[in-house]
Amino acid sequence: MTGTPRRFLVTATPPTTNGDLHVGHLSGPYLGADVFSRAQRMLGHTALYASGGDDHQTYVVTTAQRLGVDPVELAARCNREITGTLELADIDIDAFTRPDDVYRDEVREFFAGLYSAGRLVRRTWTFPYCAETDRYLLEAFATGYCPECLVGTCGAICENCGHPNDAGSLLFAESAGAQEGSTTEPRDVEILVLPLEEYREQFTEFYRRRRATMRPHVLRFVDEMLSRPLPDFPVSYPAHWGIPVGIEGFDGQVINVWAEMLPGLRHMAEAARVRRSPRTPAGVWAADSGFELVQFLGYDNTFYFSFAHLGLALAHGGLVEPTAIVTNEFYHLNGSKFSTSRRHLIWARDLVGKYGPDNVRFHLGLSNPEHQPADFTEAGFLETVRTRLHEPLQALATALAPHTGQPVTVRPETEALLDRYRDRMRRAYTLETFSVRQATETTANLLALLAARAAGDPGLAVAGLRVLGAQAAPLVPGLAAVIESRYAAATPGTVPELADLLPVTV
């Protein structure tokens with residue numbers, strides 16, 4: 001470890017519980033947060049990794065109706081499936097919770113406190129109302145076109161450009177699930193909002209200070225939003241699915257699920273603390289906790305984390321603010337965006353179940369959509385894993401097999417070479433320069449070098465593979481554990497048995 005030990009509070013956006021995780025989900029915040037958390041612990045820091053089921057999304061309702069099931073049962077089933085998939089993919093998450101009575105009480109108390117302090121204000125909001133579905137057009141209940149980039153989208157946020165919308169700004173808004181040609185009527189509803197424009201100076205100063213730990217696309221989005229008046233963020237809206245507001249005068253309204261997520265993540269973080277670090281005092285989300293908040297999310301959720309959640313934290317005044325917002329771009333399947341609703345996907349559990357977690361994690365690391373979209377094909381996956389992981393490992397095992405059990409000499413220049421690898425991996429794992437893609441690419445390059453030089457320099461191959469196993473453990477934890485066990489079983493200074501390091505071949 002170098003420098004002063006740091007303490008990180010790591011979150012991955014709670015997944016909507018209207019389906020299991022597909023490969024696009026896994027390639028983004030869940031793998032990224034896992035690699036980051038494992039790497040910090042390896043470097044001697046503390047990391048708590050938390051997430052949980054996002055049960056109150058309106059997409060749970062629309063999916064349940066399409067499938068003909070009860071939304072409560074759907075959410076419960078999907079929570080179980082998602083938890084199982086994370087475990088299968090070797091995602092070492094400290095807490096994956098789902099809403100319960102304690103959670104709902106904490107969320108209500110959070111917003112009641114903001115309301116009592118005068119931080120939330122009443123606004124009259126005009127919603128289209130659909131009599132056929134008995135719903136106000138919001139979130140998944142509304143479809144139309146984004147007023148910013150003009151792409152087809154649902155209500156609240158545009159998945160393409162990340163800009164927020166509402167029933168008034170969504171172009172050609174229609175009621176999702178209603179018959180074609182159905183009509184709506186405008187209705188005025190008094191709701192609670194957080195007036196984001198009041199925090200403009202604080203947003204501007206925050207992003208001035210944090211530019212070094214925000215990804216470029218986040219900063220571009222922030223600049224776009226700050227170039228015009230910031231919208232009011234609805235904290236409540238008229239709907240029946242979600243947590244009732246519980247404040248007088250707002251009957252028939254629930255807390256906006258994206259507002260709910262901030263105190264929800266605080267609840268999840270406490271569960272992670274209890275599991276991973278029970279001696280750490282409660283209140284890890286407090287501003288004076290000493291934890292740095294690092295949040296992993298898909299780019300389409302940027303508005304909520306960069307403005308809505310930060311605005312709520314500023315309004316509260318006592319919460320930790322994000323040190324870094326680590327976004328990923330879309331992961332495509334055969335050239336088109338992964339989509340649960342269109343069934344254009346590969347379920348993560350199917351891919352991991354067939355090929356094993358290390359093979360999948362290795363490929364997703366190499367093709368990670370950190371700064372631009374990436375594309376997945378099963379043929380490309382097999383080619384990459386075979387040529388950049390399995391074949392070099394097999395070449396190493398074949399070249400070193402005649403030396404098994406024999407002592408080898410490690411030259412001084414070998415240690416210098418391996419120090420370069422350690423330094424590059426440390427940079428890839430450090431928050432300010434974090435990159436799953438760089439860490440995986442550097443590891444694949446060292447593996448290729450070792451395989452090419454093993455026959456003539458077994459000392460380099462033996463020393464290099466052990467260092468690789470240690471440094472790549474956050475990426476391919478299963479392979480790293482096998483490598484470590486083989487070296488532990490061998491006489492120190494001799495060549496260990498290196499055949500069949502990966503249990504699943506491709």
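Read the figures in this text as sums done on the coordinates, not as results from a lab. All values derive from a computational prediction rather than experimental measurement. So basically every Cβ, Gly included, is an ideal-geometry build from the backbone, and we count neighbours across all protein chains shown.
In the neighborhood of TYR199, defined by Cβ-to-Cβ distances under 11 Å, what is the net charge if each Lys or Arg adds +1 and each Asp or Glu adds -1?
Numbers: positive: ARG119, ARG200; negative: GLU197, GLU198, GLU201, GLU205.
Net charge around TYR199: -2.
Estimated at 0.36 nm per residue, the fully extended path between ALA212 and GLU484 surpasses their Cα-Cα distance by 94.4 nm.
Taking other Cβ atoms within 10 Å as a rough exposure proxy, ILE243, ILE325 sort from fewest to most as ILE243, ILE325. Placing dummy labels 7 Å off each Cα toward the beta-carbon, the span from GLU248 to GLU180 is 5.0 nm.
Computed from Cα atoms, the angle from the helix 477-489 axis to the main principal axis of the chain rounds to 30 degrees.
May I ask for the equivalent-ellipsoid semi-axes of the stretch 390-501, computed as the square root of five times each C-alpha gyration tensor eigenvalue and listed largest first in whole Å? Walk me through the intermediate numbers first.
On the way: eigenvalues 108, 43, 31 Å².
So the equivalent ellipsoid measures 23, 15, 13 Å along its semi-axes.
Compute log10 of I(q)/I(0) for the stretch 381-456 with the Debye formula, placing one identical point scatterer on every Cα and leaving out solvent, at q = 0.12, 0.17, 0.19, 0.20 Å⁻¹, to two decimals. One equal scatterer on each Cα of the stretch 381-456 leads to -0.43, -0.79, -0.92, -0.98.
How large is the helix-only mean residue ellipticity at 222 nm for the chain, computed as the sum of -39500 (n - 2.57) over DSSP H runs with n ≥ 4, divided by its residue count, in deg cm²/dmol to the nearest 500?
Details: 16 runs with 203 residues, N = 506.
About -12500 deg cm²/dmol.
Cβ distances below 4.7 Å define possible disulfide partners, and in the chain the cysteines left without one are CYS78, CYS130, CYS154. I need the shape label for the stretch 342-383. Rule: rounded when a/c is under 1.5, else prolate if a/b > b/c, else oblate, with a, b, c from the alpha carbon gyration tensor. Oblate, because a/c is 1.5 or more while a/b does not exceed b/c. In order along the stretch 233-250, the phi-based Karplus estimate (6.51 cos²θ - 1.76 cosθ + 1.60, θ = phi - 60°) of 3J(HN,Hα) comes to 9, x, 9, 10, 7, x, 6, 10, 9, x, 8, x, 4, x, 10, 4, x, 10 Hz; Gly and Pro are listed as x.
Quick one: length gained pulling GLU415 to ASP101 fully straight, 0.36 nm per residue minus the C-alpha distance? Don't skip to the end; give the middle numbers.
Numbers: separation 314, 0.36 × 314 = 113.04 nm, distance 5.58 nm.
107.5 nm is the gain from fully extending GLU415 to ASP101.
Taking 0.36 nm per intervening residue step and subtracting the Cα-Cα distance, what contour gain separates THR505 from ASP188 on full extension? List each step's numbers first, then the result.
Details: separation 317, 0.36 × 317 = 114.12 nm, distance 6.08 nm.
Working it through step by step, the gained length comes to 108.0 nm.
This ranking places MET425, MET268 by how few other beta-carbon atoms lie within 10 Å of each, fewest first, which gives MET425, MET268. Protection proxy ranking of 25-36, 291-302, by the mean of other Cβ atoms within 10 Å over each peptide's residues and highest first, is 25-36, 291-302. Treating r as the C-beta distance of ASP423 and ARG466 and R0 as 22 Å, the FRET efficiency rounds to 0.80. Could you work out how far helix 31-42 tilts from the main Cα principal axis of the chain, as a 0 to 90 degree angle to the nearest 10? The helix 31-42 is inclined about 50 degrees to the chain. Shape annotation for the chain: C-alpha extents along the principal axes are 81, 48, 41 Å, from largest to smallest. A Förster radius of 51 Å, combined with the Cβ-Cβ distance separating VAL408 from GLU201, puts the computed FRET efficiency at roughly 0.20. Take the alpha carbon atoms of the stretch 115-190, find their center, do the same for the stretch 240-317, and report the distance between the two centers in whole angstrom. Here the two parts' Cα centres lie 23 Å apart. The C-alpha atoms of the chain define a longest principal axis, and helix 58-67 lies at about 80 degrees to it.
Rounded to the nearest Hz, the phi-derived 3J(HN,Hα) couplings of the stretch 271-278 under the Karplus curve 6.51 cos²θ - 1.76 cosθ + 1.60 (θ = phi - 60°) are 5, 5, 4, 4, 7, 8, 9, x, where x marks glycine and proline.
Each peptide in 189-201, 411-423 gets a packing score, the mean of other Cβ atoms within 10 Å over its residues, and the list from highest to lowest is 189-201, 411-423.
Fewest neighbouring Cβ atoms within 10 Å first, the residues PHE303, PHE111, PHE338 line up as PHE338, PHE303, PHE111. Calculate, for ALA287 and ALA455, the FRET efficiency according to 1/(1 + (r/R0)^6) with r their C-beta to C-beta distance and R0 51 Å; round to the nearest 0.05. My answer for the efficiency is 0.35.
Among 101-109, 459-467, what's the highest-first ranking by average C-beta atoms within 10 angstrom per residue?
On the way: 101-109: 15.2, 459-467: 22.1.
Result, highest mean Cβ count within 10 Å first: 459-467, 101-109.
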